[in-house]
Amino acid sequence: MISQNRVEAVPQKRVIVVEDEEAFRRVIVHYLTLSGYEVTGVGSAFEFYQHIEKPFDVAILDVGLPDQGGLVLAAYLRKNTDMRIILLTGLSSISDRVAGYNAGADLYLVKPVVFCEIAAAIKSLLSRDKRDDESFGSSGQKPIVAGSDSLFWTLVGTHWQLVTPEQACVKLTSKEFDFLMLLVAKHKQVVPRSALLKNLGYVNNQSSHSSLESLVRRLRRKIDAVSNSSPIQTSHGNGYGFSERVVVV
């Protein structure tokens, strides 16, 4: 007998990224996919038109595409669809912004932009749409990464950032980023102090041990300011470890 209480799977929100810089596009697509969206990345307006027979919820458009500009695409989408539109560009003047909004953009983001800001922008745009409430239910929870039983931390190499499971960003110094990379490389294992000192360029003496401890304290304060938990664990007398699920992009 088939159960009458079967719960329907919640469909993922669909995002299309139109960006001609391949490496940048690939990282955005990867990051947003890990954030729970179904993401398609294309490198030109021609490819974009080939993919929009099935509607997307959000379009992220680079203004300076090689064949047809993002402003033209934005105007087309605004006239023919109800997609949310984010323009992503290096053009930052007031006249450029006005042109973007006149073309139909919901948001105008200027490069360089951090990936957690893009994710936050998408979440904000979707929360304004009543259809989003119907799809996600009354709880308002964002989707968890497919196939996982917990949320994840993200270490963003291109911008020296640690992104919390709640999508808050922690800006890192180069030393803090290198420290976290050393921990992540030995995920859920203790990395000895001696190995940390050597790889961070410190001399193995008391002064360097104090410098390492100061680095960890500063980093924990940054994390504590935006998150209820810290992934950095101390093994007293031994070293440090990264205890939570983490993705490096």
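The values are calculated or read from the model by the stated rules, or taken from the named source; none is laboratory data. As the structure is a computational prediction, the values presented were derived from the model and not from experiment. Glycine gets a Cβ as well: all are built from the backbone with ideal geometry, and neighbour counts include every protein chain shown. Areas reflect the complete protein model, heavy atoms only, side chains present, ligands, DNA and RNA absent. Shrake-Rupley method; radii C 1.70, N 1.55, O 1.52, S 1.80 Å.
Odds and ends about this structure:
- Less than 5 angstrom separates the built amide H of LYS13 from those of GLU38, all sequence-distant by 5 or more or on a different chain.
- Derived scalar couplings ³J(HN,Hα) [region 86-93; Karplus, 6.51 cos²θ - 1.76 cosθ + 1.60; whole Hz; x for Gly, Pro]: 10, 8, 10, 7, x, 7, 10, 6
- The convex hull drawn around the Cα atoms of region 76-117, when projected onto a plane and averaged over every direction, covers 3.1 nm².
- Under a Gaussian network description of the chain, with springs only between Cα atoms under 10 Å, the residue in THR173, THR33, THR89 that fluctuates furthest is THR173.
- Largest GNM mean-square fluctuation across VAL110, VAL63, VAL156, computed for the chain with C-alpha springs under 10 Å, falls on VAL110.
- Shown for region 1-124 is the translational diffusion coefficient from the Stokes-Einstein equation, using the Kirkwood radius over Cα pairs, a temperature of 10 °C and a viscosity of 1.306 mPa s: 106 µm²/s.
- Relative to the dominant Cα principal axis of the chain, helix 70-80 is inclined by about 50°.
- When the Gaussian network model of the chain links Cα atoms closer than 10 Å, the mean-square fluctuations of SER44, SER227, SER124 top out at SER124.
- For the chain, the Kirkwood radius over C-alpha pairs fed into Stokes-Einstein at 37 °C and 0.692 mPa s yields D = 162 µm² per second.
- For region 35-52, backbone phi angles converted through the Karplus equation (6.51, -1.76, 1.60; θ = phi - 60°) give residue-by-residue couplings of 7, x, 9, 8, 10, 10, x, 10, x, 7, 5, 4, 5, 4, 4, 6, 9, 9 Hz, Gly and Pro being listed as x.
- Trypsin sites (Lys or Arg not before Pro) restricted to region 16-98 and DSSP loop, no more than 12 other C-beta within 10 Å: none
- Solvent-accessible area per residue for the chain (1.4 angstrom probe, square angstrom): 53 Å²
- The chain: angle of helix 94-103 to the longest principal axis, Cα-based, in degrees nearest 10: 50 degrees
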